[in-house]
Amino acid sequence: MAFLPAAAQADNPIVQHIYTADPAPLVYNGRVYLYTGHDEDNSTTFRMREWRVSSSSDMVNWTDHGSPMSLATFSWAGADAWAGQAVYRNGKFYWYVPVRMTNGSQAIGVGVSDSPTGPFRDAIGGPLIQNAEIDPTVFIDDDGQAYLYYGNPRLWYVRLNADMTSYSGSPTQIPLTTAGFGTRTGDANRPTQYEEGPWFYKRNGLYYMVFAAKCCSEFIAYSTSPGPTGPWTYRGTIMPTQGSSFTNHAGLVDFNGGSYFFYHNGALPGGGGYTRSVAVEKFSYNADGTIPTINMTTAGVPQVGTLNPYVRQEAETIAWGSGIETEPSSEGGMNIGWIENGDYTKVKGVAFGTGARSFTARVASGTSGGRIELHLDSTTGPTVGTCTVSGTGGWQSWSTVSCPVTGATGTHDLYLRFAGGSGYLFNMNWWQFTS
Ligand code: FUB
């Protein structure tokens, strides 16, 4: 669990209550779904047992959907819930992931779900590919042919069949030439910059292979090709080495007219090479399709639109959280919990319009509750309402509380600041204002 100082006002990394790694964004139905790994607290190696999903419609307020797939999903997997990618096809979501099998060898599995947020089940009841390499990336070309690229130290691809759970032919190795993937010095076994973490896609007729380069520490580089299987031309660095993690891992999407570059670093308190966090930057492709240099920021990206406070908002929809954690709610989805005096969540760009009159929250408390203070623009900004939460008889015994609101007009960042006695105060499942 990542605890953050109250002074932090940035929006990167985009998830603060757990460590996340290996971002794989997917645009679906007006939202960006972000599939990640989960570095466990205090890890001193890649201690990763589950994957996580978050989503956003505005790129700054992210909803935590929890962990809809884990090592337990794959009965044959024992460890290493590492870097994967999900794709949508014919009404289903397929999530390709590398794992270490119970027999100790590395393999790639595929989960399937009817929903982008899962739950995912093992699509084939066994590994899809077993050749001891990692980091699958998946892309469906305009002609319907799907490709799964993967690999460290080599770079492989297979042509997936239309069912997305089998493939034709054998895994094929992409020749790692210096013309295609750059020149590395100092490692006779790895003459090119290609290391791992490929991210494969097509844009305006050009195929892109973005990858983690050199080791260690890694930087993010890319190559392009006129076709899905090459020949590849090395295009250089996108994100230079930076960010307190010896790995980096990229995922790129276009969303709502903008281009976004997801990556990970060690920027949260306690962060490092095994306690990483996913962040995002906005960028523009150059006219010739090349990608500019992108540096890590703590500011994050501009909000797409605003957030509507007059419809139910999940408590786990957060631009920045301090002190809270999330867990599955007995009412479905997730709730925030482990709330103590002074903890808060920030929800960015909330459009109150001509004014809010009241605030309602769904809460539960196994102790004696506390207060929800509603502040504008900072934790010490104007207080527009305060709701009292009483004990409800259990941490999942849900009750609805309401309180009047004055002075909430226009568009502001909303800070839900939690206050009260000592220890854990209450959980929150959702909230909503009335106008
Ligand atoms: O997260 C574990 C591994 O670290 C991933 O599979 C690699 O891409 C690197 O990010």
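Can you name the residue in segment 41-66 that is touching a residue at least 40 places away in the same chain (Cβ under 8 Å) and within 12 Å of the ligand (Cβ to nearest atom) and is also nearest to residue 275 (Cα to Cα) among such residues? Among them, the one singled out is 43. Scanning segment 320-335 for residues that are crowded, with 22+ Cβ neighbours inside 10 Å, within 21 Å of residue 401 (Cα to Cα) and out of contact with any His (no Cβ under 8 Å at 6 or more places or on another chain) yields 329, 335.
Screening segment 97-125 for residues that are of a type in the set (Val, Ile, Thr) and outside any strand (DSSP E or B) and picking the one that is surrounded by the most Cβ atoms within 10 Å (Cβ to Cβ) gives 117. All of 306, 317 fail the test of being surrounded by 13 or more Cβ atoms within 10 Å (Cβ to Cβ), under 20 Å from residue 25 (Cα atoms), modelled with pLDDT of 95 or more and β-branched (Val, Ile, Thr), apart from 317.
Counting only strands (runs of 3 or more DSSP E) wholly contained in segment 181-268, the ones carrying 1 or more residues that are in contact (Cβ under 8 Å) with a residue 60 or more places away in the chain and open to solvent by less than 10 Å² (accessible area, probe 1.4 Å) occupy 194-203, 206-213, 219-225, 251-255, 258-265. Going by the structure shown, is residue 131 crowded, with 19+ Cβ neighbours inside 10 Å and either of a type outside the set (A, V, I, L, M, F, W, C) or under 16 Å from residue 69 (Cα atoms) (or both)? No. Residues being more than 15 Å from the ligand (Cβ to nearest atom) and modelled with pLDDT under 95 are entirely absent from segment 67-79. Applying the criterion of at least 3 residues that are open to solvent by 20 Å² or more (accessible area, probe 1.4 Å) to the strands (runs of 3 or more DSSP E) found wholly in segment 342-435 leaves 344-353, 358-365, 383-389, 394-404, 410-419, 427-434. Do we have residue 398 as in the same structural domain as residue 328 (by TED's automatic domain parsing) and under 16 Å from residue 324 (Cα atoms) here? Spelling it out, it is not the case that residue 398 is in the same structural domain as residue 328 (by TED's automatic domain parsing) and under 16 Å from residue 324 (Cα atoms). Filtering 166, 113, 170 for residues that are among the polar types (S, T, N, Q) and under 19 Å from the mean Cα position of the chain (by Cα) leaves a single hit, 113.
The values are calculated or read from the model by the stated rules, or taken from the named source; none is laboratory data. What you are looking at is a predicted structure, and each value in this text was computed from that prediction instead of being measured. Quick reminder, even Gly has a Cβ in these numbers, built from the backbone with ideal geometry, and neighbours come from all protein chains shown. SASA here: full protein model, heavy atoms, side chains in, ligands and nucleic acids out. Shrake-Rupley method; radii C 1.70, N 1.55, O 1.52, S 1.80 Å.
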